[in-house]
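Q: Here it is: the structure, laid out below.
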Amino acid sequence: MIHDGDAGVPGSLARVLADVAAERSAQDAKFGMQVLPDGTGGPARETDSDQARQETEDSARAGTLTWRHILAEEILEAFAESDPDRLRAELVQAAAVAVKWIQALDRRPAPSPTTPGFDPAPEPVAADRFRPIVDVHILLRRHAPGPAAAGGEVLLGRRSGTGYGDGLWHLPAGHLEAGESVAGAAVREAKEELGVTIDPAHLTLVHVMHRAPERLGLFFSTGTWAGEPYNAEPDKCSELAWWPMNALPPDMIDYPAAAIAHILDRVPLALHGWPAED
């Protein structure tokens, strides 16, 4: 018997959960481990939950029930809970409904020219087509004072409070966001992390690294920017420092250190974390 959640059927549970896992990985890489209060419970939230439940029941009786009704009820029931165990159970139910809704969207036939409000759109990406996570890295470079070091100096930040590589040095970096060019992402990250403004025309792509299994890193270099670099994200970075390109700190995240070595050797493309090939 074929079930709704079987892999390979339209709207398969396996595909949706893989998309959810990829999104979680992207969020973790961007925001790190987040420890926040629940902010749930209280009379106001209980009133909202009761209203959502009533609206769902009324819609079901009237034959106008939608996914919005069901998910709103589950979410608002979670918001009304102050007990951690009951809150967890409600969140699991809300997540299950959200996944079920995504499956329904995946099974929905594509609109045709005869469909009211039809708007031609690009063909959907094949289910088995690989979609990597793209991240951009910025090398702000300057000439080394005194005796010139090979490649000059590069600005690094020591990560802190992110849940990834905390205490280690890293290049300014971030993920490519939807609707954003890679150059635009590099400019944005430099502004967010260092407070500097970079003209995209002054960026040079100096290295590409494919990190196993789903990361594609683009490394941009520039010696021209506006503003004095400073630690613009102290909640994610404990300090900034200039380091010689050929004498990086030993306590640095491995892959950007490897990328900088490749840049000095003028190697345009490298693999990182993949098993050795015969």
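Q: Looking only at the range 104-142, count every residue that is modelled with pLDDT of 65 or more and among the hydroxyl-bearing types (Ser, Thr, Tyr) and tell me the total.
A: Total satisfying the criteria: 1.
Q: Restricting to the range 162-187, give me the number of residues that are farther than 21 Å from Trp242 by Cα and either of a type in the set (A, V, I, L, M) or surrounded by 16 or more Cβ atoms within 10 Å (Cβ to Cβ) (or both).
A: Summing the residues that are farther than 21 Å from Trp242 by Cα and either of a type in the set (A, V, I, L, M) or surrounded by 16 or more Cβ atoms within 10 Å (Cβ to Cβ) (or both) in the range 162-187 gives 7.
Q: Residue check: is Val16 at pLDDT 80 or above and assigned to a helix (DSSP H, G or I)?
A: It is false that Val16 is at pLDDT 80 or above and assigned to a helix (DSSP H, G or I).
Q: Is the range 53-69 home to any residue that is among the aliphatic types (A, V, I, L, M) and surrounded by 18 or more Cβ atoms within 10 Å (Cβ to Cβ)?
A: no
Q: When residues of the range 261-278 are filtered for being in a helix (DSSP H, G or I) and out of contact with any strand residue (DSSP E or B) (no Cβ under 7 Å at 6 or more places or on another chain), how many remain?
A: Final tally of qualifying residues: 2.
Q: For residues in the range 19-64 being closer than 20 Å to Ala94 by Cβ and part of a loop (DSSP other than H, G, I, E, B), which is nearest to the chain's Cα centre (by Cα)?
A: Gln34
Q: Further, regarding this structure: Among the residues of the range 221-250, write down those that are under 20 Å from Gly151 (Cβ atoms) and either within 25 Å of the chain's Cα centre (by Cα) or outside any loop (DSSP other than H, G, I, E, B) (or both). Step through it out loud before you land on a result.
A: Taking the range 221-250 and keeping what is under 20 Å from Gly151 (Cβ atoms), we get 221-225, 229, 240-250.
Listed by number, the residues that qualify are Ser221, Thr222, Pro229, Leu240, Ala241, Trp242, Trp243, Pro244.
Q: Next up: Hey, among Ala186, Ala95, Ala173, which residue is assigned by TED's automatic domain parsing to the domain that holds Asp28 and at pLDDT 85 or above?
A: None of the other options fit; the residue is Ala95.
Q: What are the pairs, 6+ residues apart or on separate chains, where a residue within the range 205-218 that is without any contact (Cβ under 8 Å) to a residue 40 or more places away in the chain has its Cβ under 6 Å from a residue that is surrounded by 16 or more Cβ atoms within 10 Å (Cβ to Cβ)?
A: Between residues of the range 205-218 that are without any contact (Cβ under 8 Å) to a residue 40 or more places away in the chain and residues that are surrounded by 16 or more Cβ atoms within 10 Å (Cβ to Cβ), the close pairs are Leu205/Phe220.
Q: Has the range 247-266 got at least one residue that is at pLDDT 95 or above and in contact with a helix residue (DSSP H, G or I) (Cβ under 6 Å, 6 or more places away or on another chain)?
A: yes
Q: Still on this structure, please answer the following. So which residues in the range 206-224 are out of contact with any strand residue (DSSP E or B) (no Cβ under 6 Å at 6 or more places or on another chain) and surrounded by fewer than 19 Cβ atoms within 10 Å (Cβ to Cβ), if there are any at all? Step through it out loud before you land on a result.
A: Of all residues in the range 206-224, those out of contact with any strand residue (DSSP E or B) (no Cβ under 6 Å at 6 or more places or on another chain) come to 212-213, 222, 224.
Within the range 206-224, Ala212, Pro213, Thr224 qualify.
Q: Further, regarding this structure: If a residue must be surrounded by 13 or more Cβ atoms within 10 Å (Cβ to Cβ) and not charged (D, E, K, R), how many such residues does the range 19-50 contain?
A: Number satisfying all stated conditions: 9.
Q: Considering every residue within the range 191-208, establish whether at least one is assigned to a strand (DSSP E or B), among the aliphatic types (A, V, I, L, M) and under 17 Å from the mean Cα position of the chain (by Cα).
A: No, every residue in the range 191-208 fails to be assigned to a strand (DSSP E or B), among the aliphatic types (A, V, I, L, M) and under 17 Å from the mean Cα position of the chain (by Cα).
Q: Looking only at the range 234-278, filter to residues that are crowded, with 17+ Cβ neighbours inside 10 Å and of a type outside the set (A, V, I, L, M, F, W, C); which one of those is nearest to Glu214 (Cα to Cα)?
A: Only one residue fits best here, namely Tyr255.
The values are calculated or read from the model by the stated rules, or taken from the named source; none is laboratory data. Note that this is a predicted model, so its numbers are computed, not measured. Note that each Cβ is placed from the backbone with ideal geometry, even for glycine, and that neighbours are counted across all protein chains shown.
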